[in-house]
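Reading through the structure tokens given below for one structure.
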Amino acid sequence: MKAIQFLIGFALFALASSLASAYDPSPLQDLCVAINDHKDGVFVNGKFCKDPKLAKAEDFFLSGLDKPGNTENRLGFNVTNANVEQIPGLNTLGTSAVRIDYAPYGQNPPHTHPRATEILVVLEGTLYVGFVTSNQLNNTLIAKVLNKGDVFVFPIGLIHFQVNIGKTSAVAFAGFSSQFPGVITIADTVFGANPPINPDFLGKAFQLDPKIVKDLQDKFINGN
């Protein structure tokens, strides 16, 4: 009887151990190609750490988020980053932030953050924001109009957007659950891929004439 209990206990321990070791940390880069010689490799999932005894206040500091970003572009918005690239002390802490400026009727177009959930706080203006659920939830749009002081959350990995629907400029701050959340802007990625994705493939996927796809690719790749 004791032998059976031991075997059951050992099996459960082994199962728990395999589950505990099977989960990989969330990736902090788009690609990680395996190599055999580490001399030709790069550090994975973060940055090398300096000696903690050498840490200083500047490692955890960034100024300038009070200054408006330049929104004179085709979409009328600007993102000012405060991630591990600007604040080295964020390394391994799993958080970062951005300031987003919107010109009147400017937009942060449909995009996704592959490595982070986002929480958005409106400081000035009126935004129409939303995200779309996955295919398993019937691609449901969840959207809302936000005013000054309102907060909205975009779940990790889901396509989302923000549009300034007011006649004046708008400002928002967003926090992320990653030191380097990454961003994939849908239109730029699909129509701006270089080399271009076959227009016939995209035409079928988007139910568009391939000629229209080629025109879009020309706009996104060449800026025409």
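The sum of -39500 (n - 2.57) across all DSSP H runs of n ≥ 4, divided by the residue count of the chain, sets its helix-only mean residue ellipticity at 222 nm to -6500 deg cm²/dmol. Here the simple spin-label model places points 7 Å from the Cα toward Cβ, and for residue 153 and residue 92 these points are separated by 2.7 nm.
Mean Kyte-Doolittle hydropathy of 0.0 or higher plus an axial Cα length of 24 Å or more: which whole DSSP H helices in the chain meet both? The answer, listed by residue number, is 2-22.
Rounded to two decimal places and with Rh computed the Kirkwood way over Cα pairs, what is Rg over Rh for the stretch 85-146? Could the numbers behind the result be given before it?
Details: Rg = 14.5 Å, Rh = 14.3 Å.
Over the Cα atoms of the stretch 85-146, Rg/Rh equals 1.01.
How charged is the neighbourhood of residue 150? Take every other residue with its Cβ under 14 Å from the Cβ of residue 150, and add Lys/Arg as +1 and Asp/Glu as -1.
Numbers: positive: 144, 148; negative: 124.
Here the count lands on +1.
For residue 146, the residues 5 or more places off, or on other chains, whose built amide H falls under 5 Å of its own are 127, 128, 129.
One chain, two ends: residue 185 and residue 133. Fully extended at 0.36 nm per residue, the span grows by 17.1 nm beyond their Cα-Cα distance. Between residue 208 and residue 142, the distance separating the two model label sites (each 7 Å from Cα on the Cα→Cβ line) works out to 2.8 nm.
Label sites at residue 54 and residue 198, each approximated as a point 7 angstrom past Cα along Cα to Cβ, lie 5.2 nm apart. Spatially, the stretch 45-79 and the stretch 157-216 are offset by 24 Å when compared through their Cα centroids.
If you take every residue apart from residue 219 with its C-beta less than 12 Å away from the C-beta of residue 219, what net charge results, scoring Lys and Arg +1 and Asp and Glu -1? Display every interim value, and only then the final one.
Details: positive: 74, 214; negative: 188, 215, 218.
So the surrounding residues net to -1.
Over 32 Å between Cα atoms, which of 39/214; 67/144; 67/167; 47/67 qualify?
Working: 39/214 43 Å; 67/144 27 Å; 67/167 20 Å; 47/67 28 Å.
Check vs 32 Å cut-off fails for 39/214.
Each reported figure results from applying straightforward, stated rules to the coordinates on display, with no laboratory input. These numbers were taken from a predicted model, which means no experiment stands behind them. All Cβ positions, even for glycine, are placed from backbone atoms using ideal geometry, and neighbour counts span all protein chains on display.
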